[in-house]
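Asks: Have a look at this one before I ask anything.
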Amino acid sequence: MSCQKNNDKTKNMSSEIYDWKDATSCPYGFPIDIYKGGLQNLRTGSYTSLKAGTTIGNGYWGEASYGMGSGVKSLPDHLNVVFLSYAEEKFYQIDEDLDYEKIREYFRKGYDVKLTNGSGDIRHVNYDTFIVGFTPGGVCVVWIAGLGVQIEVGRFQGKEVVIPSEEIENLDSHDHLLFEPEYRQKMMKNPHIVPKEMQGKEIPFGLWDSYRKKYNWKPVFNLPDGLVLDEKGEFGVDYFNGESEYIFNQKFPISDYTKNALPKTLAFSWMSKENKIIAANCKLNELSTFNAFKEVFAEDFNTTNAAMEIKINQANTFFTVKLKGSNGKEVFIKTEDLEVFAIKQFK
């Protein structure tokens, strides 16, 4: 009886279906191509190919390049894929189990978002995308994503593989291109695939794993007297490790520090004295961000906490970002593409 119950439980777990689509990702300047393989559910036999053309290197790490596998199906519990790293002219294989329990729990729970019409109304939504990222050196990261949210659910190290010559000989003309040196070099010289400033650059092995390091920090707002965050809005943050999240403004001030990767972009809104909604966003300079966290957390990574203070000026036209450690260290983080503007209120 016990065995039968366990078998039924396993069957029910694996037969849960959700509407989701697949996507691939690669770092800026380092395109990849899927030779074969994809996401599988070994219990149900479902399979979603990740082969959908070249994932070009003109986006950011974690950005989704959508495939063609959208539909209602089982959640994957395994990844088996062979990809070409154009920058190295090497093939890597990842043949690994995914953390099905973790993934299933995220999909079961879903999450809340605020409607984009400015009403402040909340809607419950679900994750709807699996993004599989590939880097030179064979590193592979898997995220699940939905509206405004992206979470890492796995990191794997691929093994370099050599495709047998007899297999290559039987490929059609399109697939055979991946094995032609002239074609690979042409791809790396194409500015629409590898931006000119990245062409010929040395591969920063280990960089994408360094993005995954998490620090104990929280965002803190320093607003001029009498001003408050827009109660209908939220604080949006993208991280260098490819994750993204939104925090409802009602949750500020945040009391607890949490382990998070380094922030890459910020977006938020507050109310002016004239009762207007002021929106703001920026990118954070990568080197400045890394150096700030390195300096603040250098002495004792495990016991240091830090507040990332976002300070708005009196004129509501500018803001600064400073990392303030519990150890007394304070370092400004350089911002880029900073914008502050009034937005129309919806009634």
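Asks: Of these, ARG104, ARG108, which one is of a type in the set (D, E, K, R), farther than 22 Å from ARG212 by Cβ and crowded, with 16+ Cβ neighbours inside 10 Å?
Replies: ARG104
Asks: To continue, here is another question. Out of the stretch 305-347, which residues are within 25 Å of the chain's Cα centre (by Cα), surrounded by 15 or more Cβ atoms within 10 Å (Cβ to Cβ) and among the charged types (D, E, K, R)?
Replies: GLU309, LYS322, LYS334
Asks: Every residue in the stretch 111-152 that is among the hydrophobic types (A, V, I, L, M, F, W, C), buried (at least 17 other Cβ atoms within 10 Å of the Cβ) and farther than 17 Å from SER70 by Cβ, please.
Replies: VAL113, PHE134, VAL139, CYS140, VAL141, VAL142, VAL149, ILE151
Asks: Now, a different point. Need pairs with beta-carbon distance below 9 Å; first residue over 26 Å from TYR35 (Cα atoms) and in the same structural domain as GLY53 (by TED's automatic domain parsing) and within the stretch 83-107, second of a type in the set (Gly, Ala, Ser) and buried (at least 16 other Cβ atoms within 10 Å of the Cβ); sequence gap 6+ or separate chains.
Replies: LYS102/GLY154
Asks: List the pairs whose first member sits in the stretch 224-245 and is over 23 Å from LEU287 (Cβ atoms) and not assigned by TED's automatic domain parsing to the domain that holds GLY59, whose second member is surrounded by 17 or more Cβ atoms within 10 Å (Cβ to Cβ) and basic (Lys, Arg), and whose Cβ atoms are under 9 Å apart, counting only residues at least 6 apart or on separate chains?
Replies: Hits for this filter: LYS232/LYS114; GLY233/LYS114; GLU234/LYS114.
Asks: Conditions first: (1) of a type outside the set (S, T, N, Q); (2) surrounded by fewer than 16 Cβ atoms within 10 Å (Cβ to Cβ); (3) farther than 14 Å from ALA145 by Cα. VAL82 passes all but one, so which condition is the exception?
Replies: The one condition VAL82 does not meet is (2).
Asks: Moving to a separate point now. For the stretch 180-222, which positions are assigned to a loop (DSSP other than H, G, I, E, B) and closer than 30 Å to GLU299 by Cα?
Replies: Of everything in the stretch 180-222, those that are assigned to a loop (DSSP other than H, G, I, E, B) and closer than 30 Å to GLU299 by Cα turn out to be ILE203, PRO204, PHE205, GLY206, TYR211, ARG212, LYS213, LYS214.
Asks: Report, by residue number, each residue of the stretch 201-260 that is among the β-branched types (Val, Ile, Thr) and under 20 Å from LYS311 (Cβ atoms).
Replies: VAL220, VAL228, VAL237, ILE247, ILE254
Asks: A further question on this structure: Being among the hydrophobic types (A, V, I, L, M, F, W, C) and in contact with a Gly (Cβ under 9 Å, 6 or more places away or on another chain) is the filter; apply it to the stretch 256-270 and report the residue that is surrounded by the fewest Cβ atoms within 10 Å (Cβ to Cβ).
Replies: ALA267
Asks: With the requirement that a residue be in contact (Cβ under 8 Å) with a residue 40 or more places away in the chain and over 24 Å from the mean Cα position of the chain (by Cα), what does the stretch 142-187 give you?
Replies: GLU160, VAL161, VAL162, ILE163, ASP175, LEU178, PRO181, ARG184, MET187
Asks: In the stretch 327-343, which residues are at pLDDT 95 or above, in contact with a strand residue (DSSP E or B) (Cβ under 7 Å, 6 or more places away or on another chain) and not acidic (Asp, Glu)?
Replies: VAL331, PHE332, ILE333, THR335, LEU338, VAL340, PHE341
Asks: Restricting the search to the stretch 138-179, which residues are hydrophobic (A, V, I, L, M, F, W, C) and either assigned to a strand (DSSP E or B) or touching a Gly at 6+ places or on another chain (Cβ under 9 Å) (or both)?
Replies: Result: VAL139, CYS140, VAL141, VAL142, TRP143, ILE144, ALA145, VAL149, ILE151, VAL153, PHE156, VAL161.
Asks: Starting from residues that are part of a strand (DSSP E or B) and small (Gly, Ala, Ser), keep the ones in the stretch 25-62 and report whichever is nearest to PRO204 (Cα to Cα).
Replies: Per the stated criteria, the residue is SER25.
The values are calculated or read from the model by the stated rules, or taken from the named source; none is laboratory data. If you're wondering where the values come from, they're calculated on a predicted model, not measured in any experiment. Positions of Cβ are backbone-derived with ideal geometry, glycine not excepted, and every protein chain shown enters the neighbour counts.
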